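A short reminder: the numbers here are calculations on the coordinates, not readings from a lab. Since this is a predicted model, take the numbers as computed values, not measurements. We place every Cβ from the backbone using ideal geometry, glycine too, and count neighbours over all the protein chains shown.
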Amino acid sequence: MDDGAATGFRAALFADAGLERRRHGLHFGGVRLSEVAKRVGTPVYLYNADVIRRQYRALDEALAPVPHRICFAVKANSNLGVLRVFRDLGAGADIVSGGEMARALAAGYPAERIVFSGVGKSPEELEAALAAGVGHIHLESSDELEKLTVIADRMGRSTAIGIRVNPDVTAETHPYIATGQGGIKFGVPFDQVLPLAKAVHAHPRLRLDSIAMHIGSQILDPAPYREGVSRLLGLITEIRAAGVDSLRNLDIGGGLGIRYKDEIPLEPARFVAAVLPLAKETGLTLVLEPGRYLVGSAGILLTTVLSRKHSGGKDLVLVDAGMNDLVRPSHYMAYHDIVELEAANRPESVVDVVGPVCETGDFLARDRTLPGLKAGERLAVLGAGAYGFVMASTYNGRPRPAEVLVDGGRWAVVRERETVASLFAGESAEPRWQL
Ligand code: LLP
C-alpha cells in the first residue's frame with residue numbers, strides 16, 4: 001500500500017527541496033502547498049529560503065581553506081526576494097546585463113560585490129556599470145576593451161577588469177549549456193589572452209584583477225574544472241611574467257550540477273577537492289559564480305490539472321503551466337520530477353503532462369508514471385528554482401506566474417502574478433507614424 005512516503009530518488013529530491021508528505025498533503029519548507037495554491041492560484045513558483053541558505057553554507061564551508069567569494073549568478077533566479085536572501089548571506093552577484101545589474105542594486109548589493117560577466121555588453125550597459133561602480137567587469141574580447149576604454153576615458157572612471165578565458169575544455173552536459181570549448185561565442189580564446197592582459201595593464205584607468213572561466217552548466221564531473229583551472233594557472237604564470245602584478249582573483253564560474261532525477265550531484269566536497277590544491281598555488285582569491293547549485297532544488301512550480309485526453313494510445317494530462325512558464329523540458333529535454341499534492345491510493349498510469357500552449361513541443365513530462373489524476377487536482381514540478389521563472393515568456397498571451405518565498409514555515413508573495421493588461425501596456429492599435 002502506498003502511504004505517500006517518497007522512496008528511491010524521489011526521497012532524495014524531497015530532502016533536497018525541503019518537501020514533506022504530511023497528513024494534509026505535501027508541505028514545502030513547512031508550508032502546506034494546497035493552501036498557497038488556493039490563495040495565490042496556479043501556476044505559481046515557490047522558493048524555499050532555508051534550502052538556499054543550506055546550499056550556500058555548504059559551499060562556503062567547503063571553500064573555507066582558501067580566501068574565496070561566492071557571487072550568485074542572478075540569471076538563474078533574479079527575484080528580488082531571492083536576491084535578498086543571498087545578500088543577507090554575504091554573497092556577491094554575477095550579472096550579465098544592465099537589467100540584472102538594476103535588480104542586484106535594487107536588492108541592496110553593494111556595487112563592489114557585483115561581477116559583470118556577459119558575452120555581449122552594449123555601450124549603455126558598460127556606461128551604467130562604470131557609473132554604478134560595479135566591482136569587476138569581465139572582458140570577452142579586444143573589441144570590448146576598446147569600447148570600454150573610450151567610455152571610461154570620457155567618464156573619467158577607473159575600474160577593475162577580469163578576462164573571461166575560453167579554456168577550451170569540454171564539459172559533459174547538454175550542448176546548449178556547454179560554454180568552455182573552442183569555436184563558441186564565450187570567452188577570450190586562449191592564445192589571445194596574454195596580449196589582451198597586457199593591453200588592459202597598459203591602460204591607466206584599468207586594473208587587471210581577475211582571470212575567469214565558466215565552462216558550462218549542470219556539470220556533474222569535477223574533472224573538466226581541474227583541467228580548466230590548470231590551464232588558467234599556466235596563463236596566470238605567463239601574465240605575471242609579463243610584468244602584470246595586479247591579479248587578485250581567480251574566478252572559476254558556476255556550473256555545479258544538481259539532482260533532477262537520479263544524478264549524483266556535484267557536491268562541494270568533490271568539487272573543492274578537484275580545484276582547491278590548484279587554486280591555492282596561485283595565492284589568488286577564489287571566486288565562484290554558481291546559480292543552479294544554490295537555487296535549483298530550492299524551487300518548485302505548482303500547476304493544476306485542466307483536463308485529460310486519451311489519443312493515439314497515449315494518456316495526456318493537460319495542466320495550466322506550459323513551456324512559457326517552464327521551458328526547460330521542451331528546450332533541453334530536461335527531466336523535472338512531478339508529484340501530486342494530495343497522495344492517494346490510486347492506480348498509476350503512464351502519461352504525458354502537457355501544457356496549454358499551442359505547440360506540440362509544449363510539455364512538462366513525457367511517459368511519466370503518475371497516479372490517476374482528475375481535473376482540478378494540483379501537481380508540484382520539482383527542481384524549478386533555477387532557470388524557471390527567469391526564462392518564462394508571455395507566449396500565447398499568457399501572463400507570467402506569481403512567485404512565493406517560503407521561509408521558516410511562513411510564506412509571502414514576492415512577485416504578483418502578471419496581469420493581462422500589463423502584457424500590452426506600451427503597445428498601440430493606432431500607430432503614430434513618423435515621416
Ligand atoms: N557564470 C556565467 C558566466 C554563466 O554564463 C553562468 C550560466 C553561470 C555563471 C551560472 O551557471 P550555473 O551555476 O547556474 O550552472 N538555462 C540553462 C542554463 C544556462 C546557464 C548559462 N550560464 C538551463 O536551464 O539549464
Shape metrics for the chain, restricted to C-alpha atoms - Rg then Dmax, Å = 23.1, 74
Hypothetical label at HIS174: residues of the stretch 299-339 whose amide nitrogen lies under 19 Å (7 Å Cα-Cβ projection) = 299-302, 321-339
task = Give the Kirkwood hydrodynamic radius (Å, one decimal) of the stretch 295-435, defined as one over the mean of 1/r across all pairs of different Cα atoms.
result = 16.5
note = Normalised per residue, the volume inside the convex hull of the alpha-carbon atoms of the stretch 1-104 in Å³ amounts to 141
task = On a C-alpha basis, how far is the centre of the stretch 378-421 from the centre of the stretch 27-91 in Å? Whole number, if you could?
result = 14
key: Linear extension gain, SER428 paired with GLU416, 0.36 nm per residue minus alpha-carbon span   = 1.8 nm
Gain on full stretching of the segment that runs from ASP50 to THR149 - 0.36 nm per residue minus C-alpha separation = 31.4 nm
ask   = How far apart, in nm, are the 7 Å Cα→Cβ label points at LEU194 and ALA273?
value = 3.5
key: Residues whose placed amide H lies under 5 Å from that of PHE363, excluding near-sequence neighbours   = MET323, SER330, GLY355
inquiry  = With a 10 Å cut-off between alpha carbons and a GNM built on the chain, which of ALA160, ALA421, ALA132 moves the most?
reply    = ALA421
ask   = What percent do you get for the relative contact order of the chain when only Cα pairs under 8 Å and 6+ apart count?
value = 20
Proxy reagent accessibility, fewest Cβ within 10 Å first, across HIS201, HIS138 = HIS201, HIS138
message = Once each part is reduced to its C-alpha centroid, what is the distance from the stretch 129-180 to the stretch 224-279 in angstrom?
response = 18
query = Remind me, relative contact order of the stretch 78-290 in percent, using alpha carbon pairs under 8 angstrom and six or more residues apart?
reply = 15
Which of PHE116, PHE72, PHE186 has the fewest Cβ neighbours within 10 Å, and the rest in rising order = PHE186, PHE116, PHE72
ask   = Using a basic spin-label model with each label point 7 Å from the Cα along Cα→Cβ, how many nm lie between MET333 and LYS314?
value = 1.5
request  = Towards the positive end of the charge dipole of the chain, with charges on Cβ (+1 Lys, Arg; -1 Asp, Glu), say which of ILE95, ASN79, ALA334 has the farthest Cα.
outcome  = ASN79
request  = Order by neighbour count: ILE163, ILE184, ILE70, fewest other Cβ atoms within 10 Å first, most last.
outcome  = ILE184, ILE70, ILE163
ask   = So what is the relative contact order of the stretch 1-58, in percent, for Cα pairs below 8 Å that sit 6 or more residues apart?
value = 23
query = So, counting K/R as plus one and D/E as minus one, what does the shell of residues with Cβ under 10 Å around GLY41 add up to?
reply = +2
ask   = In deg cm²/dmol, rounded to 500, what helix-only [θ] at 222 nm does the chain give when every DSSP H run of at least 4 residues adds -39500 (n - 2.57) and the total is split over its residues?
value = -9000 deg cm²/dmol
request  = Mind giving me the nanometre distance, one decimal, between the label points for LEU306 and MET391, set 7 Å out from Cα along Cα→Cβ?
outcome  = 2.1
remark   = Under Stokes-Einstein, the stretch 136-290 at 10 °C and 1.306 mPa s, with its Kirkwood radius over C-alpha pairs, diffuses with a coefficient in µm²/s of 99
Per-residue HN-Hα couplings for the stretch 154-160 [Karplus 6.51, -1.76, 1.60; θ = phi - 60°; Hz; x = Gly/Pro] = 4, 7, x, 10, 10, 7, 8
